[in-house]
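First the structure, in the form of structure tokens, and then the observations on it.
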Amino acid sequence: MNISLLVIRSTKLEESLQFYSQMCLAFQKEQHGKGPVHYSALISGMVFEIYPCREGEEATNNRLGFRFCKKDPNFTDIEEWAQEIAESSYIDASGTEYYIVVDPDKRKVEVGFER
């Protein structure tokens, strides 16, 4: 089984777009019928979308994780960005280094780098 879709809701849509774009995600602006304008990116066959929260709705307290390998052409730039804004970091047993960053909706995001 593979995850094919991940949708997050944001109270700060444009700020969230900029935040997640720092991980070199190529977002497309979309709108389906009369639905809300949102942004969509493809990550290894999975669709990742950022939707605006509905009126009165708050962003949920989800935690996301992204992992990059040295073969990624943007590895160094993304790692430097994560280091600059990290709340904390840790290294797991496999040697992958993780930085915990916080998105505009205060959602914690793990950004990992395989060595």
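The values are calculated or read from the model by the stated rules, or taken from the named source; none is laboratory data. In this text the structure is predicted, and so the values were computed from the model without any measurement. For neighbour counting, all protein chains shown are included, and Cβ atoms are generated from backbone atoms with ideal geometry for every residue, glycine included.
Things to note:
- Scanning the range 20-32 finds one or more residues that are in contact with a Phe, Trp or Tyr (Cβ under 9 Å, 6 or more places away or on another chain), touching a residue at least 24 places away in the same chain (Cβ under 8 Å) and in a helix (DSSP H, G or I).
- Residue match in the range 71-87 (condition: within 13 Å of ARG107 (Cβ to Cβ) and at pLDDT 95 or above): yes
- The residues in the range 29-45 that are farther than 20 Å from ASP103 by Cα and not hydroxyl-bearing (Ser, Thr, Tyr) can be counted, and the count is 8.
- Of residues in the range 98-115 being hydrophobic (A, V, I, L, M, F, W, C) and either more than 12 Å from the chain's Cα centre (by Cα) or farther than 22 Å from CYS69 by Cβ (or both), the one surrounded by the fewest Cβ atoms within 10 Å (Cβ to Cβ): VAL102
- Test: residue in the range 22-35 that is over 28 Å from TYR90 (Cβ atoms), out of contact with any strand residue (DSSP E or B) (no Cβ under 7 Å at 6 or more places or on another chain) and aliphatic (A, V, I, L, M): no
- In the condition set (1) surrounded by 12 or more Cβ atoms within 10 Å (Cβ to Cβ); (2) touching a strand residue (DSSP E or B) at 6+ places or on another chain (Cβ under 6 Å), ASP72 is compliant with all but (2).
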